[in-house]
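Have a look at the structure below, then the notes.
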Amino acid sequence: MKVGFIGLGQMGSGMAANLLKAGHEVIVYNRTPAKAEALIAQGATVATTIAETCWGDAVITMLANDDAVESVVLGGHGVISNLQASALHISCSTISVALSERLTAEHGQAGQRFVAAPVFGRPDMAAAGQLFVVAGGERAAVEVATPLLGAIGQKTFVVSTPKAANLVKLSGNFLTASLIEALGEALALIAKGGVDQRHYLEILTSSLFTAPAYKLYGGLIASGAFEPAGFAAPLGQKDIRLVLAAADDLRVPMPLASLLRDRFLTLMANGGDRLDWSAIGKLAALDAGMAPA
């Protein structure tokens, strides 16, 4: 397929590379052109405008937040104004439910297909084509998207609508942030009690909590290895804010999400913007009067 790809950050670069490996013709666009150099070497074509990414079968966007998606997709120079009728836009960005609903409506009015396909996984999984994809949209649109999603992920889970896909993604990030906070509190407790953190993690991840996330984030917290960020703290704060907005609309109390919002704000207020979001896991130790790792 001929596909445009907009957004070449840590995640997008790996995703675009895997589309090339799968044999797709990829046209890339990024505000910082230098980020496209490695992809050019792999066979990508560089677009100088958003419109140039819209001349094929599909456009994929992988952008940081609602504002970035709105600036790229909406308006006279955006994706919707330039994408051909019946062509496909796949949004892999983690965005609000409200924006997902708006994009669904506006693509529909333009006669275009739209699939929300946010992903679970960090940059190393994106580079390896091992992301988990949650896809929502009309069945025919998801079918068209399937070869592209198969190139970037190891498994695609299909849900009913684009807004459902984005809600699943946000709720998953809420659970991951909750895990990080709980790990940080537990590690602070046992460390202050004289127990080796790495030995403690070995016990837990070999018995009760064997999911990879416990090993990954437990190791990051224990080592204090929060740079370079695989997923920066401001992005985590953004996702929790979007979770709370969705919860507000649906009238679902989420007290843990409110706690997590404050944890991220505390981290960022103390200079943590460049740190991985797992750095909220160090706050419990600091609250306990322990020196940072």
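Read-outs throughout are calculated quantities, based only on the coordinates presented, and are distinct from any laboratory measurement. Not measured: the values here are computed from a predicted model. Backbone-built Cβ (ideal geometry, glycine too); neighbour counts: all protein chains shown.
Quick one: dipole size for the chain, taken about the Cα centre, charges +1 on Lys/Arg Cβ and -1 on Asp/Glu Cβ, in debye to the nearest 20. Write out the running numbers ahead of the final one.
Working: 21 positive and 24 negative charges, 54 e Å.
Roughly 260 debye, rounded to the nearest 20.
Going by amide H atoms built from the backbone, whose H comes under 5 Å of the H on SER96, apart from near neighbours?
Here ASP66 satisfy the definition.
With +1 on the Cβ of every Lys and Arg and -1 on the Cβ of every Asp and Glu, and nothing else charged, how large is the dipole of segment 1-151 about its Cα centre, in debye rounded to the nearest 20? Could you put the intermediate results ahead of the total?
Values: 8 positive and 12 negative charges, 46 e Å.
Its charge dipole is roughly 220 debye.
Classify segment 167-287 as rounded, prolate or oblate, taking a ≥ b ≥ c as the square roots of the eigenvalues of its Cα gyration tensor: rounded when a/c is under 1.5, otherwise prolate if a/b is larger than b/c and oblate if not.
Prolate, since a/c reaches 1.5 and a/b exceeds b/c.
Report ³J(HN,Hα) in whole Hz for each residue of segment 27-38, in order, from the Karplus equation J = 6.51 cos²θ - 1.76 cosθ + 1.60 where θ = phi - 60°; Gly and Pro get x.
Those phi angles translate into 10, 10, 9, 8, 4, 9, x, 4, 5, 8, 4, 5 Hz.
Relative to the Cα centre, what is the charge dipole magnitude of segment 177-293, using +1 at the beta carbon of each Lys and Arg, -1 at the beta carbon of each Asp and Glu, and rounding to the nearest 20 debye?
The dipole of segment 177-293 has a size of about 20 debye.
Listing SER13, SER91 from the residue with the fewest other Cβ atoms within 10 Å to the one with the most, what is the order?
SER13, SER91
In whole Å, what is the distance between the alpha-carbon centres of segment 226-293 and segment 119-165?
First find each Cα centre; the distance between them is then 26 Å.
Below 8 Å, C-alpha to C-alpha, sequence gap of six or more: please give me the relative contact order for the chain in percent.
Contact order relative to length: 14 percent.
Which net charge results for the neighbourhood of GLN112, defined as the other residues with beta-carbon distances under 15 angstrom from its beta-carbon, given Lys and Arg at +1 and Asp and Glu at -1?
Net of charged neighbours comes to -1.
Neighbour counts of other C-beta atoms within 10 Å: give me VAL59, VAL119 arranged from fewest to most.
Fewest-to-most ranking of VAL59, VAL119: VAL119, VAL59.
So for PHE226, PHE157, PHE120, fewest C-beta neighbours within 10 Å to most, what's the order? The partial results should precede the final answer.
Working: PHE226 23, PHE157 14, PHE120 19.
The most exposed by this proxy come first: PHE157, PHE120, PHE226.
Using θ = phi - 60° and the Karplus curve 6.51 cos²θ - 1.76 cosθ + 1.60, what whole-Hz ³J(HN,Hα) does each residue of segment 47-64 get, with Gly and Pro shown as x?
Result, ordered by residue: 8, 9, 9, 4, 4, 5, 7, 9, 8, x, 7, 7, 10, 10, 10, 9, 10, 6 Hz.
Got the relative contact order for segment 145-236 handy, in percent, Cα pairs under 8 Å and 6 or more residues apart?
Computed value for segment 145-236: 24 percent relative contact order.
For segment 167-287, what relative contact order do you get, as a whole percent, if you take Cα pairs closer than 8 Å and at least 6 residues apart? Could you put the intermediate results ahead of the total?
Details: 140 pairs, mean separation 48.3, N = 121.
Averaging sequence separation for qualifying contacts and normalising by length gives 40 percent for segment 167-287.
Using the Cβ atoms and a cut-off under 13 Å, what net charge is assigned to the surroundings of LEU131, where Lys and Arg are +1 and Asp and Glu are -1?
Neighbourhood net charge equals +2.
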